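The next block holds one structure in the form of structure tokens; read it before the comments.
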Amino acid sequence: QVQLVESGGGLVQAGGSLRLACAASGRTNSIRSMGWFRQAPGKEREFVSAIIWTTGSTYYADSVKGRFTISRDNAKNTMYLQMNSLKPEDTAVYYCAAAPRLVIAATGGYDYWGQGTQVTVSS
């Protein structure tokens, strides 16, 4: 089992920045992929970004490309999402996820999920 805990959400004005963190514990040596997803009220959960744990390869949704940066610290078993130039449409609960397989955007491919952290961007 892998446990995930997100942190770093909050309220920010449009154009501002936030950095989310996702700390993994448990069987972390089984992790091959980690990702960030978000869910706004009344909408389905959507892919934001993913990173392959061993290679560091990164992937982004078109809506965040150029504004968000995903990274990881293998020694701390922690993944980050640096969010810049935030827009009101980025408002959502952000979830981190982990998988023991290579997966990028498919929510069904991730086995482990955090509890979520709220990000609110005011206009």
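The values are calculated or read from the model by the stated rules, or taken from the named source; none is laboratory data. Worth saying up front: this structure is predicted, and the values here are computed from it rather than measured. Positions of Cβ are generated from backbone atoms using ideal geometry, with glycine treated the same way; all protein chains shown enter the neighbour counts. These accessible areas exclude ligands, DNA and RNA; they are computed on the full protein's heavy atoms, side chains included. Shrake-Rupley method; radii C 1.70, N 1.55, O 1.52, S 1.80 Å.
Some notes on this structure:
- Check on residue 93, among the aliphatic types (A, V, I, L, M) and closer than 11 Å to residue 37 by Cα: yes
- Those residues of the range 42-61 which are under 20 Å from residue 108 (Cα atoms) and open to solvent by 70 Å² or more (accessible area, probe 1.4 Å), in sequence order: 42, 43, 44, 45, 46, 59
- Some residue of the range 71-84 being open to solvent by less than 20 Å² (accessible area, probe 1.4 Å), touching a strand residue (DSSP E or B) at 6+ places or on another chain (Cβ under 6 Å) and within 17 Å of residue 12 (Cβ to Cβ): yes
- Taking the criterion of being surrounded by fewer than 17 Cβ atoms within 10 Å (Cβ to Cβ) and within 21 Å of residue 122 (Cβ to Cβ), the residues of the range 10-41 that qualify are 10, 11, 13, 14, 15, 16, 17, 19, 39, 40, 41.
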